[in-house]
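Structure, as structure tokens:
No lab work stands behind these numbers, since they all come straight from the coordinates. It should be emphasised that the depicted structure is a prediction, and the values quoted were computed from it without experimental measurement. Cβ coordinates were reconstructed from backbone atoms using ideal geometry, including for glycine residues, and neighbour counts include every protein chain displayed.
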Amino acid sequence: MKILVLSDTHIPRAAADLPKAIYDAIEGVDLILHAGDFVELQTLEELRRMKETIGVFGNMDSKALREVLKPKEIINAGAFKIGLVHGYGPPGELTKAVRAEFGKVDAIVFGHAHKPINIIEGGVLLFNPGSPTDKVFSPYNSYGILDVTASGIKAEIVKL
């Protein structure tokens, strides 16, 4: 199973639309995960028209998004469990904060910091795809790909 991972798209504030490279990548995936800060409902609706999309709301999301999304989700991907949450607090405490949101999971996908993270800590993959539209805390825009196989989850940050 191949999963496209987004966070902090901030449309229409940071950009009018997602970069074309993301639309091209959507064609080759089975699922989209969005770790919050869509900003407006239209972005979620557009993604769901193209591919199954699971998202959570972030601190910048509209009331309309908060009415249709949860603050966190657990996704079953093959034999693995992936926690999905936006995150909160200062960047230096972010991985600790998102770890505290979940019990036993194999991976945690999160956003909030706009800075890509791809590490394994205590046997758990911590994955922040960065932002495809706003590089306020990163030298580049990015998104992520998770490749889930019977043997594990491989994570990749894709620079735009």
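A simple charge model with +1 on the Cβ of Lys and Arg, -1 on the Cβ of Asp and Glu and nothing else charged puts the dipole of the chain at about 260 debye relative to its Cα centre.
What the pair-distance distribution of region 1-67 shows, using all Cα-Cα distances binned every 10 Å from zero, is 22, 60, 18, 0 percent. Taking every DSSP helix (H) stretch of at least 4 residues in the chain, weighting each as -39,500 (n - 2.57) and dividing the sum by the residue count yields a mean residue ellipticity at 222 nm of -4500 deg cm²/dmol. The trypsin sites (Lys or Arg not before Pro) of region 83-160 that DSSP puts in a loop, and whose beta carbon has at most 10 other beta carbons within 10 Å, are Lys104. With 27 Å as the limit on Cα-Cα distance, the pairs of Lys2/Lys104; Lys20/Lys104; Lys63/Lys104 that go past it are Lys20/Lys104; Lys63/Lys104.
Using 0.36 nm per residue, how much length does the chain from Glu67 to Arg99 gain when fully extended, once their Cα-Cα distance is taken away? Fully extending the segment from Glu67 to Arg99 adds 9.1 nm. Restricting to Cα atoms and excluding each atom paired with itself, what does the Kirkwood estimate give for the chain in Å? Roughly 15.2 Å, rounded to one decimal.
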